[in-house]
1. How high is the FRET efficiency from B:N274 to A:R159, r the C-beta distance, R0 41 Å, rounded to 0.05?
2. Once you charge only the Cβ atoms, +1 for Lys and Arg and -1 for Asp and Glu, what is the size of the charge dipole of the stretch B:157-300 about its Cα centre, to the nearest 20 debye?
3. Alpha carbon centre of the stretch B:347-392 versus the stretch A:197-211: separation in Å?
4. As a test of reading the structure, rank A:R150, B:R442 by solvent-accessible area (1.4 Å probe, protein chains only), most first.
5. Place +1 on the Cβ of every Lys and Arg and -1 on the Cβ of every Asp and Glu in the protein assembly as shown, take the dipole about the Cα centre, and give the residue among A:F3, B:T369, A:A186 whose Cα lies farthest towards its positive end.
6. Need one value: the accessible area of A:I263 in square angstrom, 1.4 angstrom probe, rounded to the nearest 10.
7. As a test, work out the antiparallel percent of DSSP beta bridges whose residues both lie in the protein assembly as shown, rounded to the nearest 5.
8. Calculate I(q)/I(0) for chain B by the Debye formula, one identical point scatterer on each C-alpha and no solvent, and give its log10 at q = 0.07, 0.10, 0.11, 0.12 Å⁻¹ to two decimals.
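The values are calculated or read from the model by the stated rules, or taken from the named source; none is laboratory data. In this text the structure is predicted, and so the values were computed from the model without any measurement. Here Cβ is always computed from backbone atoms with ideal geometry, including for glycine, and neighbour counts include all displayed protein chains. Ligands, DNA and RNA are excluded from the accessible area calculation, which covers all protein heavy atoms including side chains. Shrake-Rupley method; radii C 1.70, N 1.55, O 1.52, S 1.80 Å.
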Amino acid sequence: MSFSRSSSGRLQLADWLVAPDNPLTSRVMVNRIWHHLLGQGLLKNMDNFGSTGGDPSHPELLDHLALRFTKNGWSVKGMVREIVLSRTYQLASDYDSANYNADPDNRYLWRRSTRRLDAESIRDSMLSVSGLLKRERPRGSAVSNAGDRRVSSRSQTLRATTDHRSVFLPIVRDMISEPLRLFDYAEPSMVTGKRDVTTVPAQALYLMNDSFVTRVADAMARRVIAEQASPDERIKLAYQLVYARPPKADELEKTQLFLNKYIAGTDDNSQRSQYYRDNAMSAFCQALLCSAEFRYLD
Amino acid sequence: MNTHTHFLPNLSRRDMLKGVSSGFGYLALAGMCAEAAPANPLAPKTTHFAPRAKRVIFLCMRGGPSHLDTFDYKPKLQADAGQEIKQGNQYQGTGGKLLRSPWEFAQHGQNGLWISELLPNLAKHADKLCLMNGMHTDLPSHPHSFVKMHTGNSQFVRPSLGAWTLYGLGTESENLPGFIVLNPSSGNGGAQNYGSAFLPAIYQATPISGSSGQISNIANRRMSRERQRMQLDLIQGLNQGRLKQKQVDPNLESVIDSFELAFKMQTEVPRLMNVYKESSSVRRAYGIGSRSTDSFGKQCLLARRMAEAGVRFIELNYGNWDQHRGLKAGLERNCRATDKPIAALLADLEKRDMLKDTLVMWGGEFGRTPHGESDDGRDHNNRGYTMWMAGGGVKGGMRYGQTDEYGFAAVDGRMHIHDWHATVLHLLSLNHKKLTFNYSGRDFRLTDVHGEVATKILA
C-alpha cells in the first residue's frame, strides 16, 4: 500500500482496515460484540490478536461470525441479532457438576457465565426499581455548560447528577463520579477492551452508606408501600422488582424476621423509634439492593 | 487476561478459596466468574532480592519548593547576587538578576550537611537524610512534572509509583487500603497521579481529603451499629442462599467477604484515623494543636499510624510552594508548617524501630531558579533541584549529586525522575527492569526504558 506524500494516508488506512482480505478488523469487532453479549470473548484478549495474544476457544466460530459480519455490511445490529437468537446466548447459568469438572472456566460455553452488571447498569437499575429513573434525555450538558475552565474550579457542577440514565452523566477525565468509578468504569484515558471486575470493601461501603443508595431505597420503599397493602405483599413486590422473581419461602421468612427485629423496642413515641419504624422498609429495600443477586446476572 | 510477568505465589483454586473464606476480602478478578480466579493480588509477595524498605511515606511538596533556600547551599549565589544572568531553557524566560537567599545556611550532623535556617527541627535529623541535590526532570510546567513525578510519564496515562509498589509488594494490612493519599491534588492531573492506569484497579490509591478527612462512606448516618448488623445479616443471608444454589462461585465468596470487611472497617478506620488516640505529648511533638503546624502535623501522625497498621504506600500532600512572588513570606510559612511535623515523624519512626524499613521521601515536581522573578520570587527550574530520602536502606548524613555554582542545573550525580524511581523500587527490593505488566500486547514498566539505580546512596 502506498500513497502520495501530499496526502495523510488516512483513506488508505481506512481501506486497509475493511479490505476483504484483511481478517483482523472484523474478527476483533465480532469478538468484542460476543464479549459484550456473553461476558467473555471467544478470544479472551480483547486487544491482542497477534501471536502472543492466546488462542480463541472456538476459532471456526470466530471466523464464521467475522465473515458473516462483513457480508452483512458490517452491521453491528445485525450481528447482535444473530448472536442473541442463538442457543448459546440463551443458555442458563445452572451448575452441573459433570460439566463443571470438565470445564470449570466455561471456556467452551456449556452454560451462561454469571456476570456482574457494569457500573452504568447498576446505577440505572437502582433508579429503575425505585421509580426514580428519568427516561428522557436531559437538557444540555454539564460539561459544555462548565465552559472553558480548569476542571477543579467547576467540580461541584460537574459532580452534580440528576436521575437520568448513566449514559448521560458527565465524564471528565480524572473526575469520574463515585458510582461509576467504584464499579470499574473504564478509565477514559486508556484503551479498554474489557473492564476490570473488582470486588472491594469500598463498593460495600458505598452500597451500605452512601446517600444516593439510601435515597433510592427510600423511594423504593415508598413505591412498594403505595402499590401494595399488606406487609407480605410489599415484601414480595420488592423481591419482584429487584430480583425479577418472587421470594423463596426462606427468604420471605428471613425478611419478616428482619423487619420484626428492626422495629423491636420502638413502641414508644420517641423520635428515634418513629424514625426506625419509618425506615424499616427502606432498610429492607436497601438490603436487596446490596445483595449480590441484584448486580450479578445469571 | 493480562499476564503478570512478576513473580506470584502458585496457588490452586482450592487454596485460593480457602484463603478468601478466611477473611482476606480483596479480590480483583480480571474477567468473569468463569475464568480461573488468580491468587489474591494484594497478598504480600516475595521480592526480587532481600528487602530493605517495606513501606513508603512520600511527603509531596506541591508547587516546586525552592532548593536554593532549603537544602542546596550556594555561596556563589549569595556573593554574585544582583548580577544579570542568561539562564532558563526554551520553555521559559531568558534569565534575570541572581537573587540571594534571604536565609542563612549552617552545617548539621556528623557530615556537616548544609541546611537553611528555615528548617531547624529537620536539620537535627541531618544524619538520617540523604540529600539528592542533583535531581532534574524534563519540563518546568506543573502538570507535566507533577504527573511525571508520580507516574514516570507526562504524555500518557500510566500507573503511579504507589500502584507499582502495591503491584510489586502486595500489602500487609487486611483492614486498610494498601495505597493511601492524604489531601490529594485535584489539579495537575488529579486522580491520574494516584491511579492504576492499566494495572488492575485494585492497586489505585484510596484518597482521603484534608487532614481530618475520612475514607469515603465510612460511616452510616442512619442506623445504629446493631441495626446495621441486622441489615447486613439479611444481606449475607440472601448471599449465602445464592451461594448454596450456585454451589461454586468465587465471585460470591469475595462479595460476602468484602461486606464483612467493610463492616469491620467502619469502626477500625475511624479509630486509626483518630489522632486524638495518641497522647497529648505525642500530638504536641507533631505540632498538632498549634495553628501553623496542626494540619500537616495531623497528616504526619496519621502516616505513622497507617505505616504501623501495614499500609504499604502513604502519600501526604502539602502546598503551595510555587513562590513566583512572596518568596520570603511563603517559604517561611511553608517551612514553619512542615518542619516540626516532619522532624517528629522521623523521630517517632526511629523510636519505634520503624525507620530502618520505612522509606521517607520529600520533594516536589521541580525546583526554582537562582535568578529572581522579581526581588522576592523565583521561577520554575526543572534542570536542577533537591529531593531527600531517609530510612528504608538509604545512607543518612549524605549529600548525593550537586548543581552548578548558582544552583541552576544538576552537574554531578544527576538523578532524573526515572533514576529516582529505579532507586525507590530498588530500596523496596524490586528490580525496576523486572517489575513489568503486559498491556496491549507488550510489557510496561514504571521506568519505561530508562532509569539507573543510584547505588551510592544505598546503605
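1. Efficiency computed from Cβ-Cβ geometry: 0.90.
2. Once rounded to the nearest 20, the dipole reads 480 debye.
3. The stretch B:347-392 and the stretch A:197-211 have Cα centres spaced 37 Å from each other.
4. A:R150, B:R442
5. Going by the charge dipole, the pick is A:A186.
6. Here the accessible area works out near 60 Å².
7. Beta bridges within the protein assembly as shown, antiparallel portion: roughly 55 percent.
8. Taken in order of the listed q values, log10 I(q)/I(0) reads -0.38, -0.74, -0.87, -1.02.
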